[in-house]
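Worksheet for the structure shown next.
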Amino acid sequence: MAQVTLNNNEVDIVIGALHSDLKSFLNEWKPIFSRFHLIIVKDPDLKEELQIPQGFSVAVYSKSDIERVVGSSSAGLFSGYACRYFGFLVSRKKYVVCVDDDCVPAKDNAGNIVDPVAQHIVNLKTPATPFFFNTLYDPFRKGADFVRGYPFSLRTGVDCALSCGLWLNLADLDAPTQALKPQQRNSRYVDAVLTVPVRSMMPVSGINIAFNREAIGPALVPALKLSGEGKFRWETVEDIWSGMCVKVICDHLALGVKSGLPYVWRTERGNPVESLKKEWEGVKLMEEVVPFFQSVRFSQLATTAEACVLEMAKTVKEQLGKVDPMFSRAAEAMEEWVKLWKSVGSS
Amino acid sequence: MASSVSPTPLLKDQLDIVIPTIRNLDFLEMWRPFFQPYHLIIVQDGDPSKKINVPEGFDYELYNRNDINRILGPKASCISFKDSACRCFGYMVSKKKYIYTIDDDCFVAKDPSGKEINALQQHIKNLLSPSTPYFFNTLYDPYAEGADFVRGYPFSLREGAPTAVSHGLWLNIPDYDAPTQLVKPLERNTRYVDAVMTIPKGTLFPMCGMNLAFDRELIGPAMYFGLMGDGQPIGRYDDMWAGWCTKVICDHLGLGVKTGLPYIWHSKASNPFVNLKKEYKGIFWQEDLIPFFQSVSLPKDCTSVQKCYIELSKQVKEKLGKVDDYFNKLADAMVTWIEAWDELNPSAAKSDAALPNGPAK
């Protein structure tokens, strides 16, 4: 069984602020967040001043800060939900935990408050097992192990680079699904963490994630922006695109991606029927990218996340650019992002 | 879209329960409320002269070694003796669409609310709803009540694939190998994970035969549990072997494999020293077997399970024969198994149509 220590100095918590009043949000998280350093990035399109309560060690970045650091032309990468990527860029910690500003702590089946930071860090600090599926899920959890028939040579696992958490109450469903089932809420607390197998594609929701910035930071790319992108998750695909890039890059670099615990409680917001009007663009785009991601390959030279992103950007431009100009723009954004990462993100 | 809630059909005339036993069938008493509507196929291992008592009120057929020899003649050599691998004989003689197999030391478990789990009903639910092998759904089985596909899940993949296998889990004694059992003799699985999920295409897993259901029409011939037990150099790899063969064939034919719920209560911990002797060779051979199965490629003209399986047996002989002569014998036994299967299931042998492409029912 793995022993994991959580060192405050290893973690930054990045919050993309799409709402100006963060008082109740941050007060709900205080018992869990207050020991860590927070990076709050204000959506450049948000006009009002941010309201942040006392008691946190926090660095706040707004539009002028973003423009100062990356220049006004690149600042366009960081609008809406993508503002949090700026936080990933300026962080200097090994681990980043990122939660949407409409989420609060959840409770487990025993009624205990879930500490998602602790769980994410455990996920990131214990090995992932992408090459063979363990039917008892995470073998490194207390009370579990590898099952009979699991090859011994694969039991050391690989480093986990990305931890994808889940959501109770308002799950991350797309607008058509939520609109068809307006009363549906996620009340099932599934007590498992598992490694998503190598070569398996998955939708990485940006609502509740954590990652090893040193290993994979540049691979979380703020690249795919819908022309009608809005301020509800139903009106975005930036995180889905980013997640699919991260997954194939992790697969290539022999790093792991875990999914499952921790849960956060996602509060009610928005109207899926309203968002339906904007949704279809994203839905259509997803259909185009599946065969692309299934077949993407990297060269032997791509041994870092940056190199992988650059190779991907090229292939995206070549193969998907002709399908929709949005992909050409995404490829350019990916290249720009790597440039920024080299100049701003590493020092 | 995920289906709405509707009662799970019993399927009592479409499902057989296959139980291998060498001891007794006392455990059936606890399962009576759930199993009594179904037909049982008991495969009696070991001494055929021993009388196995089946509790009153069950509809069953029982086969001992003499029956197996009589029915299969020389082909009986492919059925293991003194190992629960003999259960696959039950799959072969069944005439039903679905099989549920369970070990005789597995009992009814309780869910966290204290309610008894109807394992068979959950397996049926799993088999009757599609799998999603091409894209991982982070909310697990999207067809479960209260769940669905998450944002970003491509709509073109939401019909899923037909489910061929439902792999259940176990509370209490976990299914560990001998070395792990020796290191952690007291560990018990107390964690109830309330999820069913599809194992992605291209990913292998250790399939445990303790609590397993499958669609015999879709995948039956792949469920050969190998040569184990008496006269064989290995044991406790029967279900593993079947699972690896089944998974590569399912991946090739576009069928899904689910794992997770339901849980049963596994009561008996087998002797880890005895287990170590049985598994010993497997622990080494596994290191060659896994790369073999991970790189298996089946030609396009393998459009039926039998064709896939025969092709697999050729590759086993070619690539694993050099690991140990056992694999030459196993490859031959795989062929014998298919021949026996086709003999006992003639209409299935004639139709080697590709699987239906329509939406799952």
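The values are calculated or read from the model by the stated rules, or taken from the named source; none is laboratory data. Everything quoted here is computed from the prediction, not taken from an experiment. With ideal geometry, Cβ positions are generated from the backbone for all residues, glycine too; neighbour counts draw on all protein chains shown. Surface accessibility is based on the protein's heavy atoms, side chains included, excluding ligands, DNA and RNA. Shrake-Rupley method; radii C 1.70, N 1.55, O 1.52, S 1.80 Å.
Take the conditions (1) crowded, with 20+ Cβ neighbours inside 10 Å; (2) part of a loop (DSSP other than H, G, I, E, B); (3) among the β-branched types (Val, Ile, Thr); residue B:68 misses just one of them, which is (2).
Table: residues versus (1) at positive phi; (2) surrounded by fewer than 22 Cβ atoms within 10 Å (Cβ to Cβ); (3) within 14 Å of chain B (Cβ to nearest Cβ); (4) touching a residue at least 12 places away in the same chain (Cβ under 8 Å).
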site: A:62; (1), (2), (3), (4): no, yes, no, yes
site: A:68; (1), (2), (3), (4): no, yes, no, no
site: A:89; (1), (2), (3), (4): no, no, no, yes
site: A:143; (1), (2), (3), (4): yes, yes, yes, no
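For region B:110-119, a tally of residues being out of contact with any Pro (no Cβ under 8 Å at 6 or more places or on another chain) and surrounded by 21 or more Cβ atoms within 10 Å (Cβ to Cβ) returns 0. Might you let me know whether region B:73-84 holds any residue that is aliphatic (A, V, I, L, M), on the phi < 0 side of the Ramachandran plot, in a loop (DSSP other than H, G, I, E, B) and open to solvent by less than 10 Å² (accessible area, probe 1.4 Å)? Scanning region B:73-84 turns up at least one residue that is aliphatic (A, V, I, L, M), on the phi < 0 side of the Ramachandran plot, in a loop (DSSP other than H, G, I, E, B) and open to solvent by less than 10 Å² (accessible area, probe 1.4 Å). Which condition from (1) at pLDDT 95 or above; (2) surrounded by fewer than 17 Cβ atoms within 10 Å (Cβ to Cβ); (3) in a loop (DSSP other than H, G, I, E, B) is the one that residue B:314 breaks? The one condition residue B:314 does not meet is (3). Considering region B:193-240, and only residues there that are more than 8 Å from chain A (Cβ to nearest Cβ) and of a type in the set (S, T, N, Q), the residue that is surrounded by the fewest Cβ atoms within 10 Å (Cβ to Cβ) turns out to be B:232. Against the test of being in contact with a strand residue (DSSP E or B) (Cβ under 8 Å, 6 or more places away or on another chain) and among the acidic types (Asp, Glu), the options B:194, B:148 yield a single qualifying residue, B:194. Has region B:50-60 got any residue that is buried (at least 20 other Cβ atoms within 10 Å of the Cβ) and of a type in the set (S, T, N, Q)? Looking through region B:50-60, none of the residues is buried (at least 20 other Cβ atoms within 10 Å of the Cβ) and of a type in the set (S, T, N, Q).
Considering region B:271-292, the residues that are over 27 Å from residue B:320 (Cα atoms) and either in contact (Cβ under 8 Å) with a residue 60 or more places away in the chain or among the hydrophobic types (A, V, I, L, M, F, W, C) (or both) include one that is farthest from the other protein chains (Cβ to nearest Cβ), namely B:273.
Does region B:266-284 include one or more residues that are under 21 Å from residue B:165 (Cβ atoms), touching a strand residue (DSSP E or B) at 6+ places or on another chain (Cβ under 7 Å) and either at pLDDT 95 or above or open to solvent by less than 30 Å² (accessible area, probe 1.4 Å) (or both)? Spell out the reasoning first.
Applying the first criterion (under 21 Å from residue B:165 (Cβ atoms)) to region B:266-284 yields B:266.
From what's left, touching a strand residue (DSSP E or B) at 6+ places or on another chain (Cβ under 7 Å): B:266.
Keeping just the survivors that are either at pLDDT 95 or above or open to solvent by less than 30 Å² (accessible area, probe 1.4 Å) (or both) gives B:266.
So far as region B:266-284 goes, yes, one or more of its residues are under 21 Å from residue B:165 (Cβ atoms), touching a strand residue (DSSP E or B) at 6+ places or on another chain (Cβ under 7 Å) and either at pLDDT 95 or above or open to solvent by less than 30 Å² (accessible area, probe 1.4 Å) (or both).
Close contacts from region B:231-248, counting a first residue that is within 24 Å of residue B:308 (Cα to Cα) and a second that is of a type in the set (Ser, Thr, Tyr), with Cβ to Cβ under 8 Å and a gap of 6+ residues or different chains, come to B:238/B:80; B:238/B:84; B:241/B:224; B:242/B:224; B:245/B:224; B:245/B:309; B:247/B:203.
Scanning region B:1-17 turns up one or more residues that are more than 20 Å from residue B:121 (Cα to Cα) and open to solvent by 90 Å² or more (accessible area, probe 1.4 Å).
Looking at this structure, is residue B:46 assigned to a loop (DSSP other than H, G, I, E, B) and open to solvent by 30 Å² or more (accessible area, probe 1.4 Å)? Talk me through it step by step, then tell me what you get.
Details: assigned to a loop (DSSP other than H, G, I, E, B): yes; open to solvent by 30 Å² or more (accessible area, probe 1.4 Å): no.
Against the criterion (assigned to a loop (DSSP other than H, G, I, E, B) and open to solvent by 30 Å² or more (accessible area, probe 1.4 Å)), residue B:46 does not qualify.
Scanning region A:18-60 for residues that are over 22 Å from residue A:115 (Cβ atoms) and open to solvent by 50 Å² or more (accessible area, probe 1.4 Å) turns up A:19, A:21, A:45, A:47, A:48, A:49, A:51, A:60.
Of all residues in region B:168-188, those being facing chain A (nearest Cβ under 7 Å) and not acidic (Asp, Glu) number 5.
Put simply, of A:165, A:157 the only residue that is in contact with a His (Cβ under 8 Å, 6 or more places away or on another chain) and in contact (Cβ under 8 Å) with a residue 60 or more places away in the chain is A:165.
For region A:215-227, residues that are more than 13 Å from chain B (Cβ to nearest Cβ) and open to solvent by less than 30 Å² (accessible area, probe 1.4 Å) total 8.
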